[in-house]
Amino acid sequence: MSELASLLGEEDPSPAALLATRPHLSLNPIDGLTMEEVPLAAIIAELGTPTWVYSAGAMRARLARLQNAMTGLAEVHYAVKANDHLAVLRLMAAGGAGADVVSGGELLRARKAGIAADKIVFSGVGKTAGEIRLALAEGIEQINVESAEELETVSALASAMGRTARVALRVNPDVDAHTHAKITTGTAKDKFGIPYTDIPAVYRHAAALPGVEPAGLALHIGSQIMSTGPYRAAFARAADLVRALRAEGLEVQKMDCGGGLGVGYHDTADASPDALAGAMRAAFGNLALELMLEPGRWLVAPAGVLLSEVVLVKAGRFVVLDAAMNDLMRPALYDSWHGIVPLRPAAESAVYDVVGPVCETSDTFARARRLPRLAAGEHVALLEAGAYGAVMSSTYNARPRAAIALVDGARWALLRARQTPEELWAGERIPDFLG
Ligand SMILES: *Cc1c(COP(=O)(O)O)cnc(C)c1O
């Protein structure tokens with residue numbers, strides 16, 4: 001996009017173009033923006049704003065489409081961190097997905113939502129002894145070990161508990177995922193995984209250690225990956241490792257291919273699960289491996305919106321919303337682009353900066369964006385808010401956590417009530433000596 005065109009907001013997609021890729025959202029001439037069969041204005045009338053709304057139908061359909069692409073090829077483990085609400089996890093469990101967790105809290109959430117322990121994989125660079133003990137006590141499917149140091153810890157803890165931990169070694173393949181620097185995880189300078197060249201020695205060591213049983217390898221090269229090139233490069237390197245390990249007589253059963261499948265935040269298509277399946281087949285097809293996949297964003301991002309009210313339009317240029325960076329942090333954190341669709345779009349358009357009320361310049365959702373004309377009191381939906389949205393929220397500026405609702409066909413239900421002011425300071429103490 002040319003800089004001038006972008007300044008004039010000329011190349012910004014229209015609401016119709018944005019919604020064309022999202023079948024669960026439609027613009028109804030009478031009811032306005034509608035999710036499945038529920039006008040979003042009806043949810044605002046009861047819950048107010050800001051409010052997250054998720055489409056159960058979209059989540060189910062996306063999981064089914066991904067499972068379909070992976071049939072006979074790989075087991076899908078939903079990456080809980082993308083959206084860890086119990087209802088979302090229940091939907092994933094009902095659709096046959098396991099879970100990829102990165103903390104003890106996520107492990108407990110997954111169990112609470114009904115995901116079987118033997119379908120849970122635990123990733124992360126800094127699992128504490130307490131978290132590893134929890135994983136062992138629950139008897140989860142696999143611990144993805146991210147360092148030689150962690151391998152020793154798992155071995156010692158499992159031995160002390162009289163257990164054997166099934167582990168996969170997370171390889172850092174030193175491949176650039178060609179995504180935003182803050183969500184790249186598979187290059188040598190990133191903190192994740194075990195350096196590629198160290199894997200054979202660490203795997204050999206794991207095979208000899210008590211309390212651990214090396215089941216295979218894992219990788220996760222980053223998030224919001226839009227082409228198969230980076231996957232192909234990483235998978236080819238991992239397949240070389242599998243062959244090298246087996247040539248030494250080591251057993252390698254499993255290959256966890258990670259997550260990262262991207263979605264079209266603009267009016268572009270989502271990354272293709274079939275193309276990813278093709279890359280997996282090409283690299284691992286004749287290695288007789290049990291393949292796994294850990295997608296988060298792709299399954300849930302497009303299924304969610306963040307509803308917000310326009311507080312005021314300042315000098316015709318700044319649209320100030322009642323949602324802010326404390327609710328949806330991605331634009332502030334990653335300069336990410338989210339579509340914005342008014343619930344009742346006007347025919348005329350204008351170019352706006354869309355901002356929140358928080359006292360930070362980075363509290364900006366969009367700069368120089370061409371949008372249907374907006375006025376105070378009107379409502380907008382920020383699109384693709386189902387992943388890395390509510391989970392990243394904070395209460396910065398003493399702003400309560402927003403409400404969450406779920407739409408399923410013609411029904412909708414509250415998933416989480418808006419926080420009350422009292423809940424904001426619940427658990428805080430003023431020591432007596434302060435008087
Ligand atoms: C975050 C993460 C994922 C999911 O990434 P998405 O881009 O949401 O698909 C999968 N695996 C691991 C280890 C992760 O840290």
Among Ala282, Ala82, Ala117, the residue with the largest mean-square fluctuation in a Gaussian network model of the chain built from Cα contacts under 10 Å is Ala282
GNM of the chain, Cα pairs under 10 angstrom: of Gly105, Gly96, Gly186, the biggest fluctuation goes to Gly105
Rounded to whole angstrom, the alpha-carbon centroid of region 272-286 lies from that of region 112-154 at a distance of 27
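What whole-number value in cubic angstrom gives the convex hull volume per residue for the C-alpha atoms of the chain?
On the way: hull volume 70.1 nm³, N = 435.
So the per-residue Cα hull volume is 161 Å³.
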Measuring from the longest principal axis of the C-alpha atoms of the chain, the long axis of helix 129-138 (C-alpha) lies at a number of degrees, nearest 10, equal to 80
The residues Trp425, Trp298, Trp337, sorted from fewest to most surrounding Cβ atoms within 10 Å, come out as Trp425, Trp337, Trp298
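List Ile43, Ile120 from most exposed to least, where exposure is judged by having the fewest other Cβ atoms within 10 Å. Intermediate results must be reported in sequence, preceding the final value.
Working: Ile43 21, Ile120 24.
Fewest-to-most ranking of Ile43, Ile120: Ile43, Ile120.
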The lysines whose Cα lies under 23 Å from the Cα of Lys182, excluding any fewer than 8 residues away in the same chain, are Lys81, Lys127, Lys191
Taking a straight Cα-to-Cα line shorter than 17 Å from Lys189, and setting aside same-chain aspartates and glutamates fewer than 8 residues away, one finds Glu146, Asp174, Asp176, Asp198
For Lys112, the aspartates and glutamates lying under 18 Å Cα to Cα, once residues fewer than eight places off in the same chain are dropped, come out as Asp84, Asp100, Glu131, Glu138, Glu141
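Of Lys189, Lys127, Lys81, how do they rank once you tally other Cβ atoms within 10 Å and put the fewest first?
Details: Lys189 7, Lys127 24, Lys81 20.
In order of increasing Cβ crowding within 10 Å: Lys189, Lys81, Lys127.
Rounded, prolate or oblate: pick one for region 267-402, where a ≥ b ≥ c are the square roots of the eigenvalues of its C-alpha gyration tensor, a/c under 1.5 means rounded, and failing that, prolate if a/b is larger than b/c, else oblate. Spell out each step's value before the answer.
Working: a/c = 3.10, a/b = 2.04, b/c = 1.52.
Note, shape of region 267-402 comes out prolate.
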Region 41-56 and region 291-338 have their Cα centres apart by a whole-number Å value of 15
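Which shape class applies to region 124-293: rounded if a/c is under 1.5, otherwise prolate when a/b exceeds b/c and oblate if not, where a ≥ b ≥ c are the square roots of the Cα gyration tensor eigenvalues? Could you put the intermediate results ahead of the total?
Details: a/c = 2.00, a/b = 1.56, b/c = 1.28.
Because a/c hits 1.5 or more and a/b exceeds b/c, region 124-293 counts as prolate.
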If each part is reduced to its alpha-carbon centroid, region 249-269 and region 160-180 end up apart, in Å, by 13
In degrees rounded to 10, the 0-90 angle between helix 229-247 Cα long axis and the longest Cα principal axis of the chain is 20
Under the rule rounded for a/c under 1.5, else prolate if a/b exceeds b/c, else oblate, using alpha carbon gyration tensor axes a ≥ b ≥ c, region 73-196 is classed as oblate
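Read-outs throughout are calculated quantities, based only on the coordinates presented, and are distinct from any laboratory measurement. Here the structure is a predicted model, which is why all the values come from computation and not from measurement. Glycine also receives a Cβ, built like all others from the backbone with ideal geometry; neighbour counts cover every protein chain displayed.
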